[in-house]
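Read-outs: derived from the displayed coordinates by stated rules, not from any lab. Owing to the predicted nature of the structure, the values given are computational and were not obtained by experimental measurement. FYI the Cβ positions are ideal-geometry reconstructions off the backbone, even for glycines, and counts take in every protein chain you see.
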């Protein structure tokens, strides 16, 4: 957006493609960008709704299309509603999908088919649960950057399983293969991140007791396993404990009751903070943009608090959200 809060769809589409140059090779993005001032909001929403779910593009989308991001998320949710199975991955995957990607691996993929039709790509390969976890990651990032999207995100969970469905479904964690541990850790981290952002909402939305099982099952890790596996399981147990502290409204001192050593606690915390840093640069950019707006306002040319600016900053719906989800 411009520093005066104005929003030009054509300019923001160009800015988005400049931030994500690999998209410039995809025909439908090229076609739409060539329309210039003739491009419509509906066309942009339909173009990027699935792309919102791809880990590489969620944050740039939120940064460039803030005034219409609710419509983008609502469209993505509507498309996800049509996926027949978001609760499991197919057992008879082809070799190409035999293990499924972790969230970190998905971020390193820019396959044109996967980028162009994210939902179809995962649904056709029988990886509905992987798709669900990508969606939950996108919602985490969206809620972190735009809290007014809570209502849209909750509409997804009206038909979708909880973000920790993999943990519920698989059950006994210690029987997992070393490769499977990373998927469990992804699910736990996403779940904890959502819980921290809206504890009063998400704590009541699902039964979190499975994380007590996780803590108990991982109490005695076999240090003979590979270093990466032990690290992942340590982080998983740490996340499970932190979730229980929030759900049970326990103090930080209760941490010692779960037997985590101070050194392990610190290293897990640092890795957790690294996981949550994905939106930091975008927030910094928004802060600088806001500073420019305030400076512009001090010159008497623009009022940041003007009601016409609220939708652009995502503030226009805060009152509605607070009415729907009152705080204790």
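Full extension of the segment from residue 40 to residue 212, taken as 0.36 nm per residue of separation minus the current Cα-Cα distance, would add 57.0 nm. Cα-based radius of gyration for the stretch 2-72, normalised by 2.2 N^0.38 Å, reads 1.01. The Cα atoms of the stretch 183-247 define a convex hull whose projected area, averaged across directions, is 4.2 nm².
Counting other Cβ atoms within 10 Å as a rough exposure proxy, the listed residues 89, 116, 186 run 116, 89, 186 from fewest neighbours to most.
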